[in-house]
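Some notes on the structure that comes next.
The values are calculated or read from the model by the stated rules, or taken from the named source; none is laboratory data. This one's a predicted model, so the numbers in the text were calculated from it and none came from an experiment. Cβ: placed from backbone, ideal geometry, glycine included. Neighbour counts: every protein chain shown.
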């Protein structure tokens, strides 16, 4: 018997330069340090049963990522959050946990979409110019029929569910909701590049990409955060 | 300060351009942040190689923990930027920084550099260069940190003496507190850099090269070294920890985010070695052997595993099989680790019934290979080097292992040893063949899982200071190549040759290592020349250029052949004679003569050879034998 817990976490600061495998190793160590009753695989090389919803790219921050971890027994998922945060101080923190129903999809299979913000500058531009140019660029992006992904050359226009710009606290943000999954996977860096292209001569430069939330689907087919009740 | 609020020293656009940016961002679990207003001394501790290598080193973890346990000291880490970042830092004029604070190295009070192998010497210059610190100690001012070296290479620091303000001879746990107190006092009183160095030269174990004058004979060979002042000692005594149980050991080591070369919890079971192998420097300079008690080791293993979350534990020492409590320790650790699903990574144990039983318990069904280090092929040569391993040990151990289900054997040899003949090289091949034969003789056909695989590799021998072979002539590159080819041919002539694979190391690095090992102060300009002509990361085959080095010696007028290709006279003074590491020159000379007769000297536990280390009054020297 075991119970699967979906842990929501954020990552910020210099830890964002870790690759996906290093993040997994970090979590494995945190689980042991926290003294959690984690479940191991059988066999000669037992390892913790742990699955991440969506690998974080090197350089990316997150406010809402998820990892599923199996435990032998769970009293209160919130206790796991507390214990993990008692040993994690490097820039990654657990922000919530839910016990998953047995039929729940594994974290990776459940992912349907994700929200992002890309913080960017346009070197040598005044505030007002940036605002005007940004609004035009996001309109151009949304009205174009083809947005090409850098590596695969695929058209990912269909994968852009939402795009807008905002200007607060002296930072320029491109806000995105993008489809993710095996059929069509829109990466924020590719979408940002297309947005930057739309500026024409003065290019926008990305400073930070941050994931805000990851979504799955509920039975009605609506997008819901991966850690909410009713997610498939 | 919260870890996530730390600014990285390098801007994002640089970090996103380099391989493994986490090498340069710090903030790992176990790393220590302090506030400037609480500290009086900022100590940057450098391992002059890439992060993954440096982070694997136990000595740095010990010193980092120890220095940070002092309230007034902040010890930070520094590793060599890999070639990609090196290039960017030069182009964009970015100053080298320490990992914790991200601040320039040049602003630190001390820059400590550990010298674990000779081939890191150009990396020292890279660190100084990128930090904006002059290469030569004599050119530094109050704006520069005190550059201090430590580690095994300081047992002949002379080739790099000009780059250092001081060296620490011995184990770091002993006099760092005293040295830092002296530094803080001198700074408060406005004492000049020069006068501080003079005072530091009186601290036991601290060698300040600028306080000594070196003279050479008519052939330009080292003759003598004399202190420039009456109050500076003529001999420097190695500092050593007498009791390991009460000495500092890091229970909260820094755990790297990215995978380091040695990425596991480590307990240090003992220091020193009882075996007087005549080629081995570590065996002499860390004498006498001091064990850590099993109780302490069990406690430390539990604590470190709990504090780090590591899933693997390893045991560190020069020869773990010689620990008198090993059986009890391993029984405990196997039980504890099995319950916690933790792997034990075994050191190379002497192969016998006990160690095979232990390996059987900790290894999975796909049995890893078994390792022997006979170092030489013939019994005569093993006696010459005083390696107390007999052919019966090797063949008997192999037989037991084969019966236990192992079928891979790894063997380590050296070529170019003193008194070596062609037949000794051929004996390497014959020994490999014998081992294969044992397999076919003892394992019935139906019980064989795949066939036996024997992997032999040989490195070329480098004579090191403070060994019986410090008088020896080193082989020339052609001789090395010839011996390696002879060995290879001999392997091909064996009956079981298909089961044996043989590799040998590059001879180019060996030659350069030999020059640094026994060179003197005249070598320094050649190191600067080589560095300025592109030498860096010389320990890495992809970055090492032999031609560049030979050119450097020629251009700077360094007669490098004289340091290595010459049999030294029994009475020839050595540049490292001023160091007193306990083991005295007369004992080493006796051992050199005994090597010529292929006479074996018993190990410390069997019989005291009177090496001189007993003057420390600790470890095996005062225990009941």
Return the total of residues in region A:1-12 being in contact with a strand residue (DSSP E or B) (Cβ under 9 Å, 6 or more places away or on another chain) and more than 11 Å from chain B (Cβ to nearest Cβ). 8
Checked against (1) away from chain B (no Cβ under 12 Å); (2) in contact with a strand residue (DSSP E or B) (Cβ under 6 Å, 6 or more places away or on another chain), residue A:133 satisfies every condition except (2)
Can you report the number of residues in region B:303-330 which are surrounded by fewer than 18 Cβ atoms within 10 Å (Cβ to Cβ) and in contact with a helix residue (DSSP H, G or I) (Cβ under 8 Å, 6 or more places away or on another chain)? 6
Does region B:454-472 contain any residue that is surrounded by fewer than 23 Cβ atoms within 10 Å (Cβ to Cβ), more than 20 Å from residue B:370 (Cβ to Cβ) and at pLDDT below 95? no
Taking region A:28-37 and keeping residues touching a residue at least 24 places away in the same chain (Cβ under 8 Å) and within 9 Å of chain B (Cβ to nearest Cβ) leaves A:30, A:31, A:33, A:34, A:35
Restricting to region A:69-104, count the residues that are under 24 Å from residue A:14 (Cα atoms) and touching a helix residue (DSSP H, G or I) at 6+ places or on another chain (Cβ under 7 Å). 10
Qualifying residue in region B:306-318 (condition: outside any helix (DSSP H, G or I), closer than 18 Å to residue B:59 by Cα and within 14 Å of chain A (Cβ to nearest Cβ)): yes
Hey, among the residues in region A:185-219 that are in contact with a strand residue (DSSP E or B) (Cβ under 9 Å, 6 or more places away or on another chain) and in a loop (DSSP other than H, G, I, E, B), which one's surrounded by the fewest Cβ atoms within 10 Å (Cβ to Cβ)? A:218
Given the conditions (1) away from chain A (no Cβ under 14 Å); (2) more than 19 Å from residue B:132 (Cα to Cα), which single one is not true for residue B:27? (1)
Pairs where the first residue, in region B:388-411, is over 19 Å from residue B:499 (Cβ atoms) and the second is modelled with pLDDT of 90 or more and not in a helix (DSSP H, G or I), C-beta under 6 Å, 6+ apart: B:389/B:374
Among the residues of region B:1-26, the number that are touching a residue at least 60 places away in the same chain (Cβ under 8 Å) and within 26 Å of residue B:251 (Cα to Cα) is 6
Hey, can you tell me all the residues within region B:264-295 that are out of contact with any strand residue (DSSP E or B) (no Cβ under 8 Å at 6 or more places or on another chain) and under 22 Å from residue B:310 (Cα atoms)? B:294, B:295
Run down A:117, A:112, A:128 and say which single residue is touching a residue at least 40 places away in the same chain (Cβ under 8 Å) and farther than 13 Å from residue A:226 by Cα. A:117
Would you say residue B:532 is at pLDDT below 95 and outside the structural domain of residue B:418 (by TED's automatic domain parsing)? no
From the option list B:109, B:165, B:72, single residue qualifying as under 25 Å from the mean Cα position of the chain (by Cα) and either in the same structural domain as residue B:197 (by TED's automatic domain parsing) or buried (at least 23 other Cβ atoms within 10 Å of the Cβ) (or both) is B:165
Among A:128, A:145, A:158, the single one that is out of contact with any helix residue (DSSP H, G or I) (no Cβ under 7 Å at 6 or more places or on another chain), loosely packed, with under 15 Cβ neighbours inside 10 Å and farther than 30 Å from residue A:52 by Cβ is A:128
Residue count, region A:13-27 (criterion: at the interface with chain B (Cβ under 7 Å from one of its Cβ atoms) and not in a loop (DSSP other than H, G, I, E, B)): 6
Of everything in region A:146-161, what is in contact with a strand residue (DSSP E or B) (Cβ under 8 Å, 6 or more places away or on another chain) and without any contact (Cβ under 8 Å) to a residue 40 or more places away in the chain? Give them in sequence order. A:146, A:154, A:155, A:156, A:158, A:159, A:160
Right, residue B:387: surrounded by 15 or more Cβ atoms within 10 Å (Cβ to Cβ), in the same structural domain as residue B:442 (by TED's automatic domain parsing) and within 20 Å of residue B:435 (Cα to Cα) or not? yes
Tell me which residues, restricted to region B:246-266, are within 14 Å of chain A (Cβ to nearest Cβ) and in contact with a helix residue (DSSP H, G or I) (Cβ under 6 Å, 6 or more places away or on another chain). B:251, B:252, B:253, B:255, B:257, B:258, B:260, B:265
Unique residue being closer than 20 Å to residue A:151 by Cβ and within 13 Å of the chain's Cα centre (by Cα) when the list is A:178, A:184, A:212: A:178
Has region A:78-97 got at least one residue that is free of Cβ contacts under 8 Å to residues at least 12 places away in the same chain, closer than 27 Å to residue A:224 by Cβ and more than 14 Å from chain B (Cβ to nearest Cβ)? yes
Please tell me if residue B:45 is modelled with pLDDT of 95 or more, within 14 Å of chain A (Cβ to nearest Cβ) and either crowded, with 20+ Cβ neighbours inside 10 Å or out of contact with any strand residue (DSSP E or B) (no Cβ under 9 Å at 6 or more places or on another chain) (or both). no
Of the numbered conditions (1) more than 14 Å from chain A (Cβ to nearest Cβ); (2) surrounded by 16 or more Cβ atoms within 10 Å (Cβ to Cβ), residue B:344 fails exactly one; give the number of that condition. (1)
